[in-house]
Amino acid sequence: MRAALAAHDFGTVFRLARAEARISYSKIAAECDMKPERVGLLARGQGSVTTYEKIARIADALRVPGRLVGLAPRPWETSAGPARTAARDQGDPDADGGDVRRREFFKASARTGLAVGLPELTRPRAGGRIGSDYPERLRARTARLRRLDDVLGGGDTYKVYLGEYASTKALLRDATYTESTGRALLSVLAEQAQQAGWAAFDGGRHRDATGLYEASHRAAVDAGDTELAGNALAFLAYQTVSGDRQAGIGIASRSVAEAGPGAAPGVRALLYERLAWAHAVAGNDVEAEQALEAAQGALSEAGGHRQPDWVAWVDQTELEIMTGRCWAELRRPLRAVPVLESALARYDDAHARDKSLYLSWLADSYLSAGEVEQAATVTGRALGLSSGVASARPRERLAPVLRRLGEHRALPAVAAVLEQARN
């Protein structure tokens, strides 16, 4: 029900209401001020509800808290009741709701196409001519849309990013433009395909992700954009390494070579990070450390150099987190814990999905060091942050940590976090 509400999939909401709460479609229709046949069509997967007024009406009729559908608290909600006060005292991130409401707002914006602060962009008519400035305007739009990934999971952003990619692909097919403008459009298309592929991967659509990464690589090669071509391979390596470690290392090595030594420092830092990760997953500690040192060297050159927007998130804190993740994967907790603790203390909780993922490696390292209670505490923080984020990865990452914690369920701290994971 929560997933359906977050996606504004009211057909599923209505089906669950009838199946689990025995509320008839006619009753739902009457309370929501809708025609019964409209409710039935929605329940069969036909049509959607997109207007604010109707969403608010459904939320009020079914007593759905506003935050679950991307709205401000409804008038009937009590903001200072005893349950909420208790939740706040217990550290429940939903109690005050700041980060959660921010995510819900961005979800609603993404689903309805309300890209807050996006540069205006008039789509050319089919067959229309595109000016030389259009690709850069489109790239600016792509950069602004990328910011949704800071607070949302791929389950919320995938359709948005895929729609942008499909629009640019149609533009390349239908519009007219010069050869140089066409290459620039292909470069933007490669960038959009990577963003859509990342959202697909994050949302558990691995086959879609692979197809989009491969399409991105082809577009980048055709555009002559070696940096994006290398990054497409880095994405493929990151996805591949968990299933085929040697293949992942091979693709990650190709990504560094394809971008070349002339790539922007931030790009080289990112690609070396991904190579380090591939080696860490394969258990190659010497090679992983060498790649991390290469990433640090590249990052130290970044000041004063112009970087592509798609590597803007690669900074010293992010590199420290990747370093800690690699040492955690290599079962070197004495090296992993200090760097992860230090970096994550500076990492904003607003990046809920990513921080919950990174905390899972810290919890894993505490377990490897025999610090079970501390591992349980960190796991609880990760579970709290991942709640309501439409990403498959935090739960996937936390599953083996929870299994390891299960061996110590007699400890009160562990029993509490296992109960939290069940709810």
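The values are calculated or read from the model by the stated rules, or taken from the named source; none is laboratory data. All of these numbers come straight from a predicted model, not from anything done at the bench. In this analysis, Cβ positions are derived from the backbone assuming ideal geometry, glycine residues included, and neighbour counts consider all displayed protein chains.
Some points to look at:
- Whether a residue is within 30 Å of Asn284 (Cβ to Cβ), in contact with a Ser or Thr (Cβ under 7 Å, 6 or more places away or on another chain) and not assigned by TED's automatic domain parsing to the domain that holds Asp9 was assessed, and Gln246 does not pass this test.
- Selected residue [under 23 Å from Gly283 (Cα atoms), among the charged types (D, E, K, R) and over 20 Å from the mean Cα position of the chain (by Cα)] from Arg332, Arg397: Arg332
- Single residue of segment 187-207 satisfying the filter (touching a Phe, Trp or Tyr at 6+ places or on another chain (Cβ under 8 Å) and surrounded by fewer than 22 Cβ atoms within 10 Å (Cβ to Cβ)) that is nearest to Ala219 (Cα to Cα): Arg205
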